[in-house]
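Shown next, in structure tokens, is the structure this report addresses.
The values are calculated or read from the model by the stated rules, or taken from the named source; none is laboratory data. What you see is a predicted model; the values in this text were computed from it and never measured. Ideal geometry is used to build each Cβ from the backbone, glycine not excepted, and the neighbour counts take in all protein chains shown. With ligands, DNA and RNA removed, areas are computed over all heavy atoms of the protein, side chains included. Shrake-Rupley method; radii C 1.70, N 1.55, O 1.52, S 1.80 Å.
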Amino acid sequence: MVRGVREFQEDFRDDRRREEERSDSRREDQRRQDMLRAQEESDRQRREDERRQDALRIVMNDDAIEITPEERKLINNPEMKMMDDGSIVRRTRARGSAFASQFRFDKIAPRVKKTVRKKARKELDKLQAKAFREANRLLRTKTGKLRKGVTQSDVAKRAQKILKKLRK
């Protein structure tokens, strides 16, 4: 019986070591993956740079190629693109699939008529704002807290009384 317990403890220590080894190997694997990703990105960037250099070398070294000012404008315009057949087209950016556009909110939602505010409503709102400013001035302390025993409801009631006086 004692021998079984001792073996269990030894196995337990081995398990702990194995866990440490696993975490170390995970870190190593992660480092390797990061290095591979960085290497692939570097290779991709290098190939892209070489492709651009080759295209520029061809244009510069071929004496038969002469670029007019109009062509120069087209070359430097990111909106323009040349097709394989040599035709020049304007590049369009895809805004999503036609299927997805049927679910756009502005197409689903009903049209809302813009409400026109009347002059009387604007004047009333201005008076109400003035009444609330006055009520807050009366019912709050210098620091902006409500006075003891006063609630926001009391402020609104006072503002309504002041508004009644202002409208006369």
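For the pair Lys157 and Glu134, label points projected 7 Å from Cα toward Cβ lie 1.8 nm apart. Model label sites at Glu19 and Ile75, defined 7 Å from Cα along the beta-carbon direction, differ in position by 6.5 nm.
Across the stretch 74-116, the convex hull enclosing all Cα atoms gives 142 Å³ per residue. A Gaussian network model of the chain, with springs between Cα atoms under 10 Å, assigns the largest mean-square fluctuation among Arg137, Arg57, Arg46 to Arg137. When you filter the GluC sites (Glu not before Pro) in the stretch 54-122 for DSSP loop state and at most 13 other Cβ atoms inside 10 Å of their Cβ, you are left with Glu66, Glu79. Legend: residues Phe103, Phe132, sorted from most to least accessible area (1.4 Å probe; ligands, DNA and RNA excluded), read Phe103, Phe132. List every residue whose amide H lies under 5 Å from the amide H of Met80, counting only residues 5 or more places away in sequence or on a different chain, with H placed 1.01 Å from N in the peptide plane. Placed amide hydrogens put Arg91 under 5 Å from Met80.
Taking the accessible area of the chain, probe 1.4 Å, and keeping the other protein chains in place, the carbon and sulfur fraction comes to 53%. Entry comment: accessible area of the stretch 69-168 is 96 Å² per residue, from protein heavy atoms only and a probe of 1.4 Å. Neighbours of Lys148 by Cβ distance under 12 Å: Lys/Arg scored +1, Asp/Glu scored -1, total +2. For Lys73, the lysines whose Cα falls under 29 Å of its own Cα, not counting residues fewer than eight places away in the same chain, are Lys81.
Note on Lys122 and Ala98: their simple-model spin labels are 4.7 nm apart, each label 7 Å out from Cα toward Cβ.
The Cα atoms of the chain define a convex hull whose projected area, averaged across directions, is 33.5 nm².
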